[in-house]
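J.: Structure below; questions to follow.
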Amino acid sequence: MSAAHDRSIFERLERLAAYATVPEFVQAFYELIAEYLVDSGSLDGPVGRYFLEYLRVEDRYHNSLTPLEADGALDLASVRDSTEKREIGLLSVLELLIEVHATGQAELARVLLSAECYFHLGLTDRVVERLETAITCGADHPLVQFALGYNRFELANEAFTAYDMESGETQVVDEDRYRLACLNAVNAFQQGMTGEEFDGQLHWWIGNVLRAAGFGDAADASLRRAAEMIGAQYEWDGDDYLAEFDEDAELEYGPITAEEVAAVAEALRRSYLPTDLV
């Protein structure tokens, strides 16, 4: 039974990898959860069973989108129906996960799976909380740090920006707190750096978050670093990436430390802490 169960999990992962609607990062995150379960020796335990149910929910959802994607035109009613069914399935998995008492690597898998459910349900604040919990418990994998940085940035946009009807653009409504929230996102990305290939993607995201927060010079330096690491050459010029950077230019950018975040908070003369933002 255990071998069949294990095979079913990895077969579902293979099926999901074949869908064009499943982003590569999301697939990698699923596989990381599976790795934690394998390491814990509990693929056929409660968390493993609920992970398999989660994969079934995702398989059904993405399979339902395949004919819509092939037609080249989305039937909004069909998409809404598929999304509602998916949400019901995700909520069911979350209810099961809440009742589980796991330890070690299995607990990390449980918390990360909960975060993934919340992510697809659009509950960004809960995603951030679950990811922070996972990292505190030992899930310091670069993918987890990336997910935390990404969702902290999303939370900053949800909390401190608003759509302006007149201009048709999204405007920052609390610049000070938005900048602090962005720096917290940057810190998470930086914690995921290991000196390996994935660092290039992290530098790219750091550059974009810093740009959004108004730290232009630091953003450009991080984007240069990303260009060096992932082989893409681009530069920021207003709203567009245009020609390549001067590869001989000196880069004066290093990790933003917790002390620097605290210094920004003090300079802004706010009474809240960076942790209040999440």
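Readers should treat all values here as calculations from the given coordinates under stated rules, not as data from a laboratory. Being a predicted model, the structure only gives us computed values, none of them experimental. For neighbour counting, all protein chains shown are included, and Cβ atoms are generated from backbone atoms with ideal geometry for every residue, glycine included.
J.: No solvent, one uniform scatterer per C-alpha: report log10 I(q)/I(0) for region 1-139 via the Debye equation at q = 0.09, 0.13, 0.15, 0.16 1/Å, two decimals.
T.: -0.27, -0.55, -0.73, -0.82
J.: What's the exposure ranking of 202, 155, 96, going from fewest to most Cβ atoms within 10 Å? List each step's numbers first, then the result.
T.: Details: 202 25, 155 19, 96 16.
Result, fewest neighbours first: 96, 155, 202.
J.: Okay, moving on. Between residue 165 and residue 80, take the C-beta separation as r, use R0 = 35 Å, and let me know the FRET efficiency to the nearest 0.05.
T.: That gives a FRET efficiency of 0.90.
J.: Mind checking the dipole of region 1-139: about its Cα centre, +1 per Lys or Arg Cβ, -1 per Asp or Glu Cβ, Debye to the nearest 20? Before the final figure, lay out each step's value.
T.: Numbers: 12 positive and 24 negative charges, 39 e Å.
In total the dipole reaches around 180 debye.
J.: Taking neighbour Cβ counts within 10 Å as the exposure measure, how do 198, 25 sort from fewest upward? Intermediate results must be reported in sequence, preceding the final value.
T.: On the way: 198 18, 25 13.
Lowest count first: 25, 198.
J.: Within 10 Å of each residue's Cβ, count the other Cβ atoms and sort 137, 117 from fewest upward.
T.: Starting with the residue having the fewest Cβ neighbours, the order is 137, 117.
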